[in-house]
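Here the structure comes first, spelled out in structure tokens, and everything after it is commentary.
Computed from the coordinates by the stated procedures, all read-outs in this text should not be read as laboratory data. If you're wondering where the values come from, they're calculated on a predicted model, not measured in any experiment. With ideal geometry, Cβ positions are generated from the backbone for all residues, glycine too; neighbour counts draw on all protein chains shown.
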Amino acid sequence: MTNLFLALAAEGEELVEFGQGGQLHEWAWLILVAPFIAYILILAYGKKLKYEGGEIAVAMMAFVFGYGLLLWLDTIRNHTVFEKAIEIGRIGDGMVLEWGWVVDGLSSMMYFVVGTVGLLVFIYALGYMKGERRNTFFYASFSLFAGAMLVLVASANLAQLIVGWELVGVASYLLIGHYWEDKANSSAGMKAFFTNKVADVGLIIGALALSVSVGSFRIKDILDVATHHGDALGAPFFGSSVAVAGALLLFFGAMGKSAQFPLHIWLPDAMAGPTPVSALMHAATMVTAGIYLMARMFPLYQEMATAARPIMIAVGAATLFLTGLIALVQDDIKKVLAYSTVSQLGYMMVAIAAGGYTAAVFHLFTHAFFKALLFLGAGSVIHGVHSNNMSDMGGLRKYMPRTFWTFIIGSGALAGIIPLAGFFSKDEILGTLDYGGYTAVLWIAIAGAFVTAFYMTRAVALTFFGEYKGHGHPHESEGLMTVPLMVLAFFSVVAGFVNMPGFKFGESIVLRYTGFTEWLATRDFSPLGDHHPESLEWSLALYGTIAAVGGIALGWMFFGKDAATQQERDTVSIPVLYPLLRAKYYLDDIALALVGAIKGPVARFVDWTNTYVFDTIVNSFGFAAGRLGKFVYNVADQGVIDGVFNGSAGVASAAGGWLRKIQTGKIQQYAGALVVGAVALVVGFVLFNN
């Protein structure tokens, strides 16, 4: 990897970290500010435009896509590593607060993914949101959402990363609750916001622990210490070392954003937002933020925080399998996809924990395209039949052929069917688990592949096959919505091939392409020594394929015909687990009970505090103010101020009484007084001069 060096200017001036790079990288800050400029312009002028600001949002994302593509291509060609930051303040003796951007393999890949998926979703939204309420605010918030994710991705320090992290949360709250007139939607936004806030406490404490121990917020400095097993991160902290405790706290933060079991409960409810929001959230923003954080901090987990990895892999394995099972019994097509996302994030987390940096990020890369495709396809169906419920669908392949075929491609990619993108990235994960000796988790992952294929076959069968069960006449969506589907379908086919030498399938399928691995090199870490085999494991690929094909076959056997109602077929297909899965393992009920149990004591404590603390303080101030007022009235007002004014009035009255006596109105008295006065003046003048 390119060696880097620092040039620290005088305090308050620019802090620049030089690597390979030119004007393209110097101006990369433009992709960070573009969404925020769009946010302001949309709020200012959006209502005057045909699409109520959507045009500005699309133009902004087109710029982000173009610039992100150039950065990624340059990284692929030149293995560019570049960072630049501006000092904005200091804390204590030397901890610098910076704002800047980093361009390396990981960040440039994410710029490309956010830009590509974001542009297609924004174009799709022009058609989907036509005629909806508050579109100007929607497009402004949508731009803010994308911008927040880009700020997070560009962060070279944990302080800036937390700012982007929190902005993503705020924007998601605004978008999930966009249709706030429905209480369920506003409640979903609040649930997402507060569930993530619980996890964010861990992130912030972990980031502060690591940063304060090292004396720097910069990720590079923290990872340098971790790589060299420095004493700063080996110090005791909460019964462990700073490195392990900090890594676990960061992971807890990632559990919230990336919806890991059991903190996944907010994500399915987040489907209350408009479908374009769901697509961008699940494919390229928010839920990928936790995986991105784990990938960015990967050397910490590899070197000094290895004790955290068993916990991570256990959580990831539980997430990928248990949440996949819940998808089997969902009626809402978007919630099927939501639980699917949670399950796939579990695969990524397992890969990170097992040492498979490339496998995790590669699956994030491919998943972005086929999951965006599936959500937008679901939105097209919902737009055509005006219902989210699959029991109101059926037979739609005849009415919506473009939506149907693109949805089939997305479903195949998600199920891991060769040669679609998901096959290659999921096989990377299986290979990583096998190579690392995680046999039990490997079989859980293979079982998860079976479950994935089963629930996607169920969704396809209930939506596109059989007889139409809804009302009215379903129709294909307009070009603004179907063209993005076709582009995403293309990426869902070809994205897996970027991990093959020369992008050639036939002669080189047995070799893993180190190019993608090299492309993912960061400023702090090169994954060329990644924990994965050098060649495609055909036995594992075969097991994964058999699991997927078996899931498809069994799913079609139960749901391919209309012989029974959907619920009857669900009950027959998983008779023992059906009630438990419908109740989502009762986690929502447990969460509500916990909130209720906490809410009562907290409310009583707040009431007691208000009555006996704040009221006492306020009353004491009131009593003291009353006593002070009485003192001021008696002493200052009555004794001093009134005394002065009353005394002045008495003097004036006495003087007036005396003067009244000499004001007789008799001319002779006035003349006499005048003469006496004149004589007195003359005598005084003479005496003064002598």
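Summing charges over neighbours of G230, with a neighbour being any other residue whose Cβ is under 11 Å away from its Cβ, gives -4 when K and R count +1 and D and E count -1.
Ranking G379, G355, A415 by how far each Cα lies toward the positive end of the dipole of the stretch 335-460 (charges on Cβ) leaves G379 at the top. In plain terms, the C-alpha convex hull of the stretch 71-190 casts an average shadow of 9.6 nm² when viewed from every direction. Here is the list for the stretch 108-198: trypsin sites (Lys or Arg not before Pro) lying in DSSP coil, each with at most 14 other C-beta atoms within 10 angstrom of its C-beta, are R133, R134.
In what order do Y468, Y357 fall by count of nearby beta-carbon atoms within 10 Å, going from fewest to most?
Least to most surrounded, the residues fall as Y468, Y357.
Ranked by how many other Cβ atoms sit within 10 Å of their own Cβ, fewest first, the residues Y543, Y455 fall in the order Y543, Y455. In units of the rule-of-thumb radius 2.2 N^0.38 Å, the stretch 88-159 shows an alpha carbon radius of gyration of 1.50.
How many times 2.2 N^0.38 Å is the alpha carbon radius of gyration of the stretch 142-297?
Ratio of Rg to 2.2 N^0.38 Å for the stretch 142-297: 1.09.
Remark: F424, F491 ranked as F491, F424, counting other beta-carbon atoms within 10 Å and listing the fewest first.
Rounded, prolate or oblate, given the Cα gyration tensor of the stretch 351-502, with a/c below 1.5 counting as rounded? Prolate, because a/c is 1.5 or more and a/b exceeds b/c. The stretch 221-345 gives an Rg/Rh value of 1.07, both radii derived from C-alpha positions and Rh following Kirkwood. For L414, the shell of other residues with beta-carbons less than 10 Å away shows a net charge of +2, using +1 for Lys and Arg and -1 for Asp and Glu. Oblate is the label for the stretch 302-369, because the ratio a/c of its alpha-carbon gyration tensor axes (a ≥ b ≥ c) is 1.5 or higher and a/b is not greater than b/c.
When you count the other C-beta atoms within 10 angstrom of each residue and take the mean per peptide, 469-480, 373-384 line up highest first as 373-384, 469-480.
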